Every structure is written in structure tokens, then in C-alpha cells.
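Structure first, commentary second.
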Amino acid sequence: MDDVYLEQVKAFGETGRHPAARVVTIAYCSLINIEHHQLKILANELHWHRVTTLSDMAFDHRQILDACYEWLQKRIQEHPLGFSLLPKKFSLRELQNLYEAILDVKLDRRNFRKKFFSMDLLEDTGELETDVPHRPGKLYRFNYEKYQKKERRKWFGIDF
């Protein structure tokens with residue numbers, strides 16, 4: 001894939017990682033919406049998988065995947081990474097579903113909303129969801145400018 005931001009997570013260089021020789025692996029992560037990105041190589045049955053469905057992996061690849069997943073879970077709580085996966089206007093339900101999926105936990109609806117509103121980084125668009133099978137929720141937008149102006153970069157360092 002082109003034009004994807006990658007961030008280095010960790011280097012893996014322990015002896016015995018591979019039976020043939022000493023191998024060093026540098027793991028990188030990127031958070032992308034797969035609906036907006038196509039894989040360029042489709043050989044070797046390369047396709048997207050859910051993290052929760054992966055089981056048998058070669059060598060120490062499970063350890064590498066787990067380190068990357070833990071990195072993502074930590075980063076999503078420290079930085080507004082998840083907003084890049086949402087539409088420009090989103091409901092609090094969509095926002096909570098995203099965080100629950102990444103953190104792999106069920107969050108209390110009222111506490112989640114209270115914490116996000118206390119950060120004062122969401123703007124009410126004055127619009128409601130449309131074409132939903134439930135009562136339409138308000139739509140919000142993340143205020144990136146306000147986030148950039150905040151002195152503390154670690155704006156989300158809270159426990160759910």
C-alpha cells in the first residue's frame with residue numbers, strides 16, 4: 001500500500017526466533033480504514049483478518065502481533081487516532097463502538113460520553129443520524145484545531 005503512515009513499534013531479535021539463522025524483525029503499525037485501502041499483492045492468499053480470529057502463526061509472529069495490538073490499545077488512549085477511522089460527522093455510538101473494538105472491552109455508555117465531553121474536543125454539528133434502525137443520535141465532529149492548541153499532548157490518558 002502507498003501513502004500509509006507507519007510507526008515503528010518494536011524490534012525483535014532474540015536468538016532462536018527462526019530455526020535457520022538469527023533473524024531480526026522490525027515491527028511497524030498503521031491504523032487504516034480497510035474500506036479505503038486495497039491490497040496491492042493478492043498472491044499467497046494475502047487478505048484482511050480480524051485480530052481476534054487469528055490463531056496459528058509461524059515462529060514468534062503471534063508475539064509480534066500481540067506487541068503491535070498492545071501498542072495500538074495504548075496509543076488510542078493517548079492520542080486521537082481513532083477519529084481517522086470515523087466519518088467526518090459521527091455519532092457517540094459509532095465512537096464508542098470503535099473504542100470498544102480496539103480496546104476489546106465493553107465500556108459504560110454514560111461514563112464514556114461523560115469523559116469525552118469533559119475533554120471539550122467534540123463539536124455538535126446540529127445534525128442527527130439518518131437511515132438507522134434505532135433512535136437517531138446527534139452527530140459530532142472532532143475539533144482537531146482545539147486539540148492542536150492544547151498544551152498537553154497526552155489528552156486522553158484516562159482509564160475506562
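The values are calculated or read from the model by the stated rules, or taken from the named source; none is laboratory data. Note that the coordinates shown come from a computational prediction; the quantities given were computed from them, not determined experimentally. Cβ sites come from the backbone with ideal geometry, for glycine too, and all protein chains shown count toward neighbours.
Scanning region 111-133 for residues that are in contact with a strand residue (DSSP E or B) (Cβ under 7 Å, 6 or more places away or on another chain) and not aromatic (Phe, Trp, Tyr), which turns out surrounded by the fewest Cβ atoms within 10 Å (Cβ to Cβ)? Before the answer, list the steps.
If we filter region 111-133 for residues that are in contact with a strand residue (DSSP E or B) (Cβ under 7 Å, 6 or more places away or on another chain), which is where we start, we get 116, 121-125, 127-129.
Restricting the remaining residues to those that are not aromatic (Phe, Trp, Tyr) gives 121-125, 127-129.
On the way: LEU121: 20, LEU122: 19, GLU123: 13, ASP124: 9, THR125: 13, GLU127: 13, LEU128: 12, GLU129: 16.
Step by step, filter region 111-133, then rank; the result is ASP124.
Take the residues in region 52-75 that are of a type in the set (A, V, I, L, M) and part of a helix (DSSP H, G or I); name whichever of them is nearest to GLU7 (Cα to Cα).
Result: LEU72.
Would a scan of region 103-110 turn up a residue that is surrounded by 12 or more Cβ atoms within 10 Å (Cβ to Cβ), modelled with pLDDT of 90 or more and under 14 Å from the mean Cα position of the chain (by Cα)?
Within region 103-110 (the criterion being surrounded by 12 or more Cβ atoms within 10 Å (Cβ to Cβ), modelled with pLDDT of 90 or more and under 14 Å from the mean Cα position of the chain (by Cα)), the answer is yes, since at least one residue qualifies.
In region 78-102, what count of residues is obtained for those that are farther than 18 Å from SER30 by Cβ, modelled with pLDDT under 95 and in contact with an Asp or Glu (Cβ under 9 Å, 6 or more places away or on another chain)?
Going through region 78-102 one residue at a time, the tally reaches 1.
Before we move on, is LYS40 outside any helix (DSSP H, G or I) and of a type in the set (Lys, Arg)?
Yes: the conditions hold for LYS40.
Restricted to region 15-36, and to residues that are of a type in the set (A, V, I, L, M, F, W, C) and under 18 Å from the mean Cα position of the chain (by Cα), which residue is surrounded by the fewest Cβ atoms within 10 Å (Cβ to Cβ)?
Taking region 15-36 first, the residues of a type in the set (A, V, I, L, M, F, W, C) are 20-21, 23-24, 26-27, 29, 31-32, 34.
Okay, now just the ones that are also under 18 Å from the mean Cα position of the chain (by Cα), so 27, 29, 31-32, 34.
Values: ALA27: 18, CYS29: 16, LEU31: 15, ILE32: 12, ILE34: 10.
My answer is ILE34.
Out of PHE59, PHE12, I need the residue that is more than 16 Å from the chain's Cα centre (by Cα), surrounded by fewer than 15 Cβ atoms within 10 Å (Cβ to Cβ), more than 30 Å from LEU139 (Cβ to Cβ) and touching a residue at least 24 places away in the same chain (Cβ under 8 Å). Which one?
Residue meeting the stated conditions: PHE59.
Which one of the conditions (1) in a loop (DSSP other than H, G, I, E, B); (2) touching a strand residue (DSSP E or B) at 6+ places or on another chain (Cβ under 9 Å) does ILE26 fail to meet, given that it meets all the rest?
Single failed check for ILE26: (1).
Pairs only if they're at least six apart or on different chains, beta carbon under 7 angstrom, first in region 20-39 and farther than 23 Å from ILE76 by Cβ and touching a residue at least 24 places away in the same chain (Cβ under 8 Å), second assigned to a strand (DSSP E or B) and not charged (D, E, K, R); list them, first residue then second.
Every condition considered, the pairs that remain are THR25/PHE12.
Could you say which residue among LEU95, LEU39 is surrounded by 12 or more Cβ atoms within 10 Å (Cβ to Cβ) and aliphatic (A, V, I, L, M)? Outline the logic, then answer.
Details: LEU39 fails: surrounded by 12 or more Cβ atoms within 10 Å (Cβ to Cβ).
LEU95 is the lone residue from the list that is surrounded by 12 or more Cβ atoms within 10 Å (Cβ to Cβ) and aliphatic (A, V, I, L, M).
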